[in-house]
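Enquirer: If you scroll down you'll find the structure; I have some questions about it.
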Amino acid sequence: MRRFVQAIAEDAVPPGLSREVATALAGAEPRYNIASDGEALALVLREDEVAVEALRWGLVPRWAKQPETPYSTITARLTRAPSSRIFARPWSARRCVVPMNGYYKWDRSGAKPVPHFIQSRTGELLFAAGLWDLWEREPPPLASFALLTMANPAIPRPLSPDGPVFLPATSILSWLRGPVPDPARLAATPQPALESYAVSRRIRSREADDYTLLEPAAPDSDDMVDDVDPGEDFDDG
């Protein structure tokens, strides 16, 4: 995944989170096409309290010489993250949660790839488990994150069964505050029921960022014409 949505209403935030968190999430400008290297809101632990912070999507490890990497770090495979040179320390000490309305994924089962929007069947917020780190070799410091991914049977077919690791709202605090997690136990966390529908290929453009991106689009509609700059993102799902 390389795109997701954060357009959060205050009453959508579960009661287990504080009013301050709900207000911060709801008060942020809605984003309908958050892309890699863009900023997103994440829940992190600050002095043992949950706080909302803007982090860059694409984790830069603290030991990197430059504030970027020559490879993609927007996602971290659950089975490899605990032992990865990049993700092992954040796995142990810097975990985050990224709330989202849903995310985009490409259906590649037909003659042409078709983008879909995936969301909870109930319309509830989704909470993706993530890792974050702080790069401070030069000012200003850079806080960045990666989303954990795994095979997820809840992803509707014919989309490939791989996506973010979602947490129930009741597990947010334990993920942020708890001891070093067991990846096998995390993989066994029940995933929310999901649904998907086709949307416009306009999501490929980083310039497109409005609510119309969430409107359903027929696979053979004008919105599916491949007229977007090929230099824009066109990921594997």
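Enquirer: I'm trying to understand the selection: among the residues of the range 108-125, which are open to solvent by 10 Å² or more (accessible area, probe 1.4 Å), closer than 21 Å to Arg202 by Cβ and under 18 Å from the mean Cα position of the chain (by Cα)?
Expert: Once the filter is applied, which keeps residues that are open to solvent by 10 Å² or more (accessible area, probe 1.4 Å), closer than 21 Å to Arg202 by Cβ and under 18 Å from the mean Cα position of the chain (by Cα), the range 108-125 yields His116, Gln119.
Enquirer: Would the range 142-152 turn up any residue that is in contact with a Gly (Cβ under 7 Å, 6 or more places away or on another chain) and not in a strand (DSSP E or B)?
Expert: Here is the first cut: in the range 142-152, the residues in contact with a Gly (Cβ under 7 Å, 6 or more places away or on another chain) are 144-149, 152.
Checking which are not in a strand (DSSP E or B) leaves us with 152.
Checking the range 142-152: at least one residue is in contact with a Gly (Cβ under 7 Å, 6 or more places away or on another chain) and not in a strand (DSSP E or B).
Enquirer: Additional query: Inspect the range 180-192 for any residue being closer than 23 Å to Ala24 by Cβ and not in a loop (DSSP other than H, G, I, E, B) and give the result as yes or no.
Expert: Among the residues of the range 180-192, not one is closer than 23 Å to Ala24 by Cβ and not in a loop (DSSP other than H, G, I, E, B), which makes the answer no.
Enquirer: Give the residue that is surrounded by the most Cβ atoms within 10 Å (Cβ to Cβ), with candidates limited to residues of the range 25-49 that are without any contact (Cβ under 8 Å) to a residue 60 or more places away in the chain and touching a helix residue (DSSP H, G or I) at 6+ places or on another chain (Cβ under 7 Å).
Expert: Only one residue fits best here, namely Leu41.
Enquirer: On to the next question. Can you tell me how many residues in the range 50-103 are touching a residue at least 24 places away in the same chain (Cβ under 8 Å), basic (Lys, Arg) and open to solvent by 60 Å² or more (accessible area, probe 1.4 Å)?
Expert: 5
Enquirer: Taking the condition of being at pLDDT 95 or above, in a loop (DSSP other than H, G, I, E, B) and open to solvent by less than 20 Å² (accessible area, probe 1.4 Å), how many residues in the range 201-237 meet it?
Expert: 1
Enquirer: May I ask you to say which residue of Ala193, Ala143, Ala184, Ala128 is modelled with pLDDT of 95 or more, closer than 19 Å to Ala93 by Cα and surrounded by fewer than 16 Cβ atoms within 10 Å (Cβ to Cβ)? Break it down stepwise before answering.
Expert: Details: Ala193 fails: closer than 19 Å to Ala93 by Cα; Ala143 fails: surrounded by fewer than 16 Cβ atoms within 10 Å (Cβ to Cβ); Ala128 fails: surrounded by fewer than 16 Cβ atoms within 10 Å (Cβ to Cβ).
Result: Ala184 is the single residue among Ala193, Ala143, Ala184, Ala128 that is modelled with pLDDT of 95 or more, closer than 19 Å to Ala93 by Cα and surrounded by fewer than 16 Cβ atoms within 10 Å (Cβ to Cβ).
Enquirer: Additional query: Would you mind stating whether Glu68 is touching a Ser or Thr at 6+ places or on another chain (Cβ under 7 Å), among the acidic types (Asp, Glu) and over 21 Å from Pro181 (Cβ atoms)?
Expert: For Glu68, the condition - touching a Ser or Thr at 6+ places or on another chain (Cβ under 7 Å), among the acidic types (Asp, Glu) and over 21 Å from Pro181 (Cβ atoms) - is not met.
Matching residues to (1) loosely packed, with under 14 Cβ neighbours inside 10 Å; (2) of a type in the set (Gly, Ala, Ser):
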{"site": "Asp133", "(1), (2)": "no, no"}
{"site": "Glu138", "(1), (2)": "yes, no"}
{"site": "Asp162", "(1), (2)": "no, no"}
{"site": "Gly178", "(1), (2)": "yes, yes"}
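Enquirer: Then there's this: Scan Ser144, Ser160 and give me the residue that is small (Gly, Ala, Ser), touching a Lys or Arg at 6+ places or on another chain (Cβ under 6 Å) and either touching a residue at least 24 places away in the same chain (Cβ under 8 Å) or at negative phi (or both). I'd like the intermediate steps shown before the answer.
Expert: Working: Ser160 fails: touching a Lys or Arg at 6+ places or on another chain (Cβ under 6 Å).
Going through Ser144, Ser160 in turn, the sole match is Ser144.
Enquirer: (1) modelled with pLDDT of 95 or more; (2) more than 24 Å from Thr212 (Cα to Cα); (3) of a type in the set (S, T, N, Q): which one isn't true of Gln119, the others all being true?
Expert: (2)
Enquirer: Further question on the same structure: Take Ala22 and decide whether it is in a helix (DSSP H, G or I), among the small types (Gly, Ala, Ser) and open to solvent by less than 30 Å² (accessible area, probe 1.4 Å). If you could, list the steps in order and put the result at the bottom.
Expert: Details: in a helix (DSSP H, G or I): yes; among the small types (Gly, Ala, Ser): yes; open to solvent by less than 30 Å² (accessible area, probe 1.4 Å): yes.
Yes.
The values are calculated or read from the model by the stated rules, or taken from the named source; none is laboratory data. All of these numbers come straight from a predicted model, not from anything done at the bench. Positions of Cβ are backbone-derived with ideal geometry, glycine not excepted, and every protein chain shown enters the neighbour counts. Heads up: the accessible areas ignore ligands, DNA and RNA and are worked out on the full protein's heavy atoms, side chains in. Shrake-Rupley method; radii C 1.70, N 1.55, O 1.52, S 1.80 Å.
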